[in-house]
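To start, the structure itself, in structure tokens.
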Amino acid sequence: SDKVLSYIATNLGRDWTMIALRLGVQQVLIEQVQINHQHNVHDQIVSALKKWRSMNRENISSEDKLNELFDVLSSDDVGQLELVEKIKEFCQL
């Protein structure tokens, strides 16, 4: 839901562009989001996450999408295990 995306955006931080790229959001879309929301990083992140959420939507469940996000966040180069736990708690998973 948008509420979950907003929660993630609030907690994501400055590495959000790398995470969006790892999720498959194209660089050009990230740049477009940055231009559209120049003065609001939270809105940039939410917008990028919405683009990611809508990618391949017909083939992937919401649960699979969340697991994809968790895999990226918990990968060694991202190292956001604490955020994964926060999201799971927020979503009551």
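The values are calculated or read from the model by the stated rules, or taken from the named source; none is laboratory data. Note that the structure is a prediction, hence the values are computed from the model and not measured. Cβ atoms come from the backbone with ideal geometry, glycine included; neighbour counts cover every protein chain shown. Protein only, heavy atoms only, side chains kept; ligands, DNA and RNA dropped before computing areas. Shrake-Rupley method; radii C 1.70, N 1.55, O 1.52, S 1.80 Å.
Any residue that is out of contact with any Lys or Arg (no Cβ under 7 Å at 6 or more places or on another chain) and closer than 18 Å to ASP2 by Cβ - is there at least one of those in segment 70-82?
No - not one qualifying residue is present in segment 70-82.
Please go through segment 6-29 and pick out each residue that is surrounded by fewer than 19 Cβ atoms within 10 Å (Cβ to Cβ) and either touching a residue at least 40 places away in the same chain (Cβ under 8 Å) or over 23 Å from LEU81 (Cβ atoms) (or both).
Those that are surrounded by fewer than 19 Cβ atoms within 10 Å (Cβ to Cβ) and either touching a residue at least 40 places away in the same chain (Cβ under 8 Å) or over 23 Å from LEU81 (Cβ atoms) (or both): SER6, TYR7, ASN11, ASP15, MET18, ARG22, GLN26, GLN27, VAL28, LEU29.
Answer yes or no: is there a residue in segment 59-78 that is open to solvent by less than 50 Å² (accessible area, probe 1.4 Å) and β-branched (Val, Ile, Thr).
yes
Could you list, in sequence order, all residues of segment 30-49 that are under 17 Å from TYR7 (Cβ atoms) and surrounded by 14 or more Cβ atoms within 10 Å (Cβ to Cβ)?
Selection gives VAL41, ASP43, GLN44, ILE45, VAL46, SER47, ALA48, LEU49.
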